[in-house]
Amino acid sequence: MAHAKSKPASLLIKGGHVIDPANKIDAVMDVLLRDGGVAEVAAPNKIRASADEKFDARGLIVAPGLIDLHVHLREPGQAYPNTTPVIDSQEWVNWLLQPERGAVVNVFPVAAATHASKGAVLTDFRGLQRAGAVAVTDDGRPILDNDIMRECLRLSGELSIPVVQHAEDTRLTENSPMNDGPTSFRLGLRGWNVSAEAGIVDRDVQLAQQIPNARLHVAHLSAADSLKAVRRGKRNRARVTCEVTPHHFTLSDEAVGDYDTNCKMNPPLRSKPDIESLVAALADGTVDAIATDHAPHASHEKDVEFERAAFGITGLETALGLAITKLHREHHIPLIRIVELFTSGPARVFELRGRGSLARGSHADVTIFDPNKRWTFDVSKSRSLSRNSPFDGRQLTGKVMATIVGGRVVYREE
Ligand SMILES: [Zn+2]
Ligand SMILES: [Zn+2]
């Protein structure tokens with residue numbers, strides 16, 4: 001980001017409909033960005049300061065930069081299933097935060113909670129936090145041991161760093177490639193029952209309620225039963241948050257059809273009643289963030305029998321379109337709530353100061369999108385190197401038209 005500072009630049013975004021949930025703004029406004037920060041948000045044509053550049057945003061939504069809490073970058077190691085090695089030391093956090101990596105996106109590393117994510121010995125949370133890690137997790141290898149989880153949560157309370165749990169009791173899900181239900185029965189596959197998720201969420205929320213200031217974040221929550229525990233924790237004022245992925249609120253396990261490996265993910269796609277519960281929880285505030293769990297895989301890992309295929313799909317390019325199509329157009333959830341789930345919601349979860357908001361002095365990260373633009377996702381034209389998406393050929397409404405990071409336009413739809 002050093003090179004972005006070479007010349008003090010300013011950018012005036014004119015005539016857009018600003019949706020800034022953190023500041024309860026939902027109106028046509030102009031936005032002035034200067035020197036990498038938000039300088040002013042004001043009624044149309046009221047900003048007097050001159051700007052080096054202008055962006056005509058008429059007809060578009062201007063929102064804080066979207067934040068995705070859950071992305072597998074596959075670096076270091078360009079590797080599987082998460083990063084190899086896992087980010088369990090300060091050196092790796094520093095590597096991830098090298099300035100040249102921050103040019104088109106901001107990366108906030110999430111470090112391992114236990115050494116090599118083996119669930120036995122805690123990493124140095126304090127050191128990792130000091131180096132820039134915003135949370136700790138053993139994603140993919142859930143922390144099952146009660147004492148280790150209690151210790152993680154105790155430290156999370158002391159340091160105010162969230163423990164992100166991939167809630168899966170792996171003792172109950174061995175060799176289970178999809179959700180337990182009529183489709184797994186028809187396909188002759190062993191089912192991954194929702195209780196394996198809900199049981200861990202329930203235990204973790206109980207621990208979080210007992211430990212002062214403990215910070216628990218439930219990753220990619222997929223089942224109605226898990227929401228019950230999250231609601232209970234929030235009611236009891238425990239610091240419990242959760243995220244839901246676009247694929248879990250869009251597709252049910254029926255999408256697996258005839259062994260479509262692009263519908264193989266962990267946690268698996270669930271039942272239609274689960275989707276209804278997730279949509280209700282996204283609307284009513286129980287869910288804090290939409291996160292993609294973006295997980296690219298090479299085709300040789302997906303073009304194999306269902307049971308041997310890798311878990312996970314890409315999701316960065318379709319997330320906003322799926323949210324607008326499913327949550328806003330089909331279920332009438334207001335756009336301001338959807339923007340909240342992508343901006344101030346996730347910023348609160350990981351306590352990212354100056355992000356997810358267009359308050360004066362915040363980072364000049366802005367996403368400009370067209371909520372009415374209809375488009376068809378074509379995986380062959382994807383900017384991701386991977387092709388593992390179940391949404392190829394899907395018609396979506398709502399598309400990102402420009403991305404501004406640190407006051408610079410880093411992406412613009414032609
Ligand atoms: Zn996971
Ligand atoms: Zn993940």
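Quick one: in region 273-311, which of the residues that are within 16 Å of ligand 2 (Cβ to nearest atom) and among the aliphatic types (A, V, I, L, M) is farthest from Arg337 (Cα to Cα)?
Ala310
When region 275-292 is examined, which residues are found to be touching a residue at least 60 places away in the same chain (Cβ under 8 Å) and assigned to a loop (DSSP other than H, G, I, E, B)?
Val287, Asp288, Ala291, Thr292
Can you run down the residue pairs with Cβ atoms below 7 Å, 6 or more apart or on separate chains, where the first is in region 163-175 and farther than 19 Å from Ala310 by Cα and of a type in the set (S, T, N, Q) and the partner is more than 13 Å from ligand 1 (Cβ to nearest atom) and not in a strand (DSSP E or B)?
Gln165/Asp204
When you check Arg150 against the structure, is it at negative phi, in contact (Cβ under 8 Å) with a residue 12 or more places away in the chain, under 23 Å from the mean Cα position of the chain (by Cα) and open to solvent by 10 Å² or more (accessible area, probe 1.4 Å), yes or no?
On the way: at negative phi: yes; in contact (Cβ under 8 Å) with a residue 12 or more places away in the chain: yes; under 23 Å from the mean Cα position of the chain (by Cα): no; open to solvent by 10 Å² or more (accessible area, probe 1.4 Å): yes.
So Arg150 does not fit the description; no.
May I ask you to list the residues in region 130-140 that are within 11 Å of ligand 2 (Cβ to nearest atom) and crowded, with 20+ Cβ neighbours inside 10 Å? Working first, answer last.
Filtering region 130-140 for residues within 11 Å of ligand 2 (Cβ to nearest atom) gives 137-140.
Thr137, Asp138, Asp139 - these are the residues of region 130-140 that are within 11 Å of ligand 2 (Cβ to nearest atom) and crowded, with 20+ Cβ neighbours inside 10 Å.
How about region 294-324: which of its residues are crowded, with 20+ Cβ neighbours inside 10 Å and either touching a Leu at 6+ places or on another chain (Cβ under 9 Å) or of a type in the set (S, T, N, Q) (or both)?
His294, Pro296, Thr314, Gly315, Thr318, Ala319, Leu320, Gly321, Leu322, Ala323, Ile324
If you scan region 153-171, which residues turn out to be open to solvent by 20 Å² or more (accessible area, probe 1.4 Å) and within 16 Å of ligand 1 (Cβ to nearest atom)? Reasoning before the result, please.
First pass over region 153-171, keeping only residues open to solvent by 20 Å² or more (accessible area, probe 1.4 Å): 154-155, 158-160, 169-171.
Once the filter is applied, which keeps residues that are open to solvent by 20 Å² or more (accessible area, probe 1.4 Å) and within 16 Å of ligand 1 (Cβ to nearest atom), region 153-171 yields Asp169, Thr170.
Taking into account only those residues within region 132-150 that are among the charged types (D, E, K, R) and either in a loop (DSSP other than H, G, I, E, B) or not assigned by TED's automatic domain parsing to the domain that holds Val201 (or both), which is farthest from ligand 1 (Cβ to nearest atom)? Steps first, answer last, please.
Initial filter on region 132-150 (among the charged types (D, E, K, R)): 138-139, 141, 145, 147, 150.
Still in the list and also either in a loop (DSSP other than H, G, I, E, B) or not assigned by TED's automatic domain parsing to the domain that holds Val201 (or both): 138-139, 141, 145.
Values: Asp138: 9, Asp139: 4, Arg141: 9, Asp145: 18 Å.
Here the residue is Asp145.
When region 354-385 is examined, which residues are found to be assigned to a loop (DSSP other than H, G, I, E, B), open to solvent by 60 Å² or more (accessible area, probe 1.4 Å) and closer than 18 Å to Leu33 by Cβ?
Keep residues of region 354-385 that are assigned to a loop (DSSP other than H, G, I, E, B), which gives 354-362, 364-365, 377-378, 382-385.
This time we only want the ones that are open to solvent by 60 Å² or more (accessible area, probe 1.4 Å), so: 360-361, 383, 385.
Within region 354-385, Arg360, Gly361 meet the criteria.
What single numbered condition from (1) within 16 Å of ligand 1 (Cβ to nearest atom); (2) touching a residue at least 40 places away in the same chain (Cβ under 8 Å) fails to hold for His248?
Only one criterion in (1) within 16 Å of ligand 1 (Cβ to nearest atom); (2) touching a residue at least 40 places away in the same chain (Cβ under 8 Å) is unmet by His248, namely (2).
Can you work out which of the residues in region 40-74 that are open to solvent by 20 Å² or more (accessible area, probe 1.4 Å) and in a strand (DSSP E or B) is farthest from ligand 1 (Cβ to nearest atom)?
Across region 40-74, the extreme among qualifying residues is Lys54.
Hey, among the residues in region 251-272 that are within 19 Å of Arg329 (Cβ to Cβ) and free of Cβ contacts under 8 Å to residues at least 60 places away in the same chain, which one's farthest from ligand 2 (Cβ to nearest atom)? Walk me through how you get there before you give the answer.
Taking region 251-272 first, the residues within 19 Å of Arg329 (Cβ to Cβ) are 251-252, 272.
Adding the requirement that they be free of Cβ contacts under 8 Å to residues at least 60 places away in the same chain leaves 252, 272.
Details: Ser252: 20, Lys272: 24 Å.
Checking each candidate, the answer is Lys272.
Specify the residue that is farthest from ligand 1 (Cβ to nearest atom); the eligible residues are those in region 299-322 that are among the aliphatic types (A, V, I, L, M) and closer than 30 Å to Phe369 by Cα. Spell out the reasoning first.
Step one: list which residues in region 299-322 are among the aliphatic types (A, V, I, L, M), which gives 304, 309-310, 313, 316, 319-320, 322.
Those still in the list that are closer than 30 Å to Phe369 by Cα too: 313, 316, 319-320, 322.
Details: Ile313: 12, Leu316: 16, Ala319: 16, Leu320: 21, Leu322: 19 Å.
It comes out as Leu320.
If you check Ile338 against the conditions, is it away from ligand 2 (no atom under 16 Å from the Cβ) and either open to solvent by less than 20 Å² (accessible area, probe 1.4 Å) or farther than 30 Å from Ile47 by Cβ (or both)? Reasoning before the result, please.
Details: away from ligand 2 (no atom under 16 Å from the Cβ): yes; either open to solvent by less than 20 Å² (accessible area, probe 1.4 Å) or farther than 30 Å from Ile47 by Cβ (or both): yes.
Judged against the criteria, Ile338 is a match.
Does Ile200 fit the bill of being within 16 Å of ligand 2 (Cβ to nearest atom), assigned to a helix (DSSP H, G or I) and farther than 17 Å from Ser271 by Cβ?
On the way: within 16 Å of ligand 2 (Cβ to nearest atom): yes; assigned to a helix (DSSP H, G or I): yes; farther than 17 Å from Ser271 by Cβ: yes.
Criteria met by Ile200.
Name the residues in region 186-238 that are open to solvent by 10 Å² or more (accessible area, probe 1.4 Å) and of a type in the set (Asp, Glu), would you?
Across region 186-238, the qualifying residues are Asp202, Asp225.
The values are calculated or read from the model by the stated rules, or taken from the named source; none is laboratory data. Since this is a predicted model, take the numbers as computed values, not measurements. Cβ coordinates were reconstructed from backbone atoms using ideal geometry, including for glycine residues, and neighbour counts include every protein chain displayed. Keep in mind that these areas ignore ligands, DNA and RNA; they rest on the heavy atoms of the full protein, side chains included. Shrake-Rupley method; radii C 1.70, N 1.55, O 1.52, S 1.80 Å.
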